[in-house]
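Nothing in this text is a laboratory measurement; each read-out follows from the coordinates by a stated rule. Computed from a predicted structure; not experimentally measured. Cβ placement follows ideal geometry from the backbone for every residue including glycine, while neighbour counts extend to all protein chains displayed.
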Amino acid sequence: MIRTLSFKERRYIEELRILTRATALDCIIDERFDRIVYLIKEGDMGLAIGRKGSNIRKMQRVLGKRVEMVEYSSEIEEFTKNVFKPAEVTGVERGEDGKITVYVNRGDLGIAIGKGGCTIEKARNLLSRYFDAELGEVLAGEAKHA
């Protein structure tokens, strides 16, 4: 699937590259939650975040919006775990209907959902964009066939 980036998205990606020297593969400007979600190239996450999150804070100051970063992975399970970080994902299952069910530790369910469902919305956007998959449910507990 080929997707073209808008001028604003390209500008934000370039801003990230200049400030952090990390490579962003994509950028989602989420007006609903007033944030920018970057999809970071595999292996560049430490560079993007910076020591103790200094680069994220710098980006937030420059752009005036909340900045979130997700590390890309070509494996859907690993990608899904990255989207829900820092919540600990215990399992990812793809049902017969094609929907993805995500299992998280009981104590991390609130983090996995996010304030107002912002993390779930981020997961929906990224999973449909990169894996043509639909997010089903986010449940507390272990996957049935792990």
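Some observations on this one:
- Within region 56-106, considering residues that are under 11 Å from the mean Cα position of the chain (by Cα) and among the acidic types (Asp, Glu), the one farthest from ALA24 (Cα to Cα): GLU68
- Test result for GLU96, closer than 23 Å to ASP132 by Cβ and assigned to a helix (DSSP H, G or I): no
- Residues that are surrounded by 17 or more Cβ atoms within 10 Å (Cβ to Cβ) and either part of a strand (DSSP E or B) or touching a residue at least 40 places away in the same chain (Cβ under 8 Å) (or both), drawn from region 34-62: ARG35, ILE36, VAL37, TYR38, LEU39, ILE40, MET59
- Residue in region 9-33 that is nearest to ILE120 (Cα to Cα), counting only those that are of a type in the set (Val, Ile, Thr) and assigned to a helix (DSSP H, G or I): ILE13
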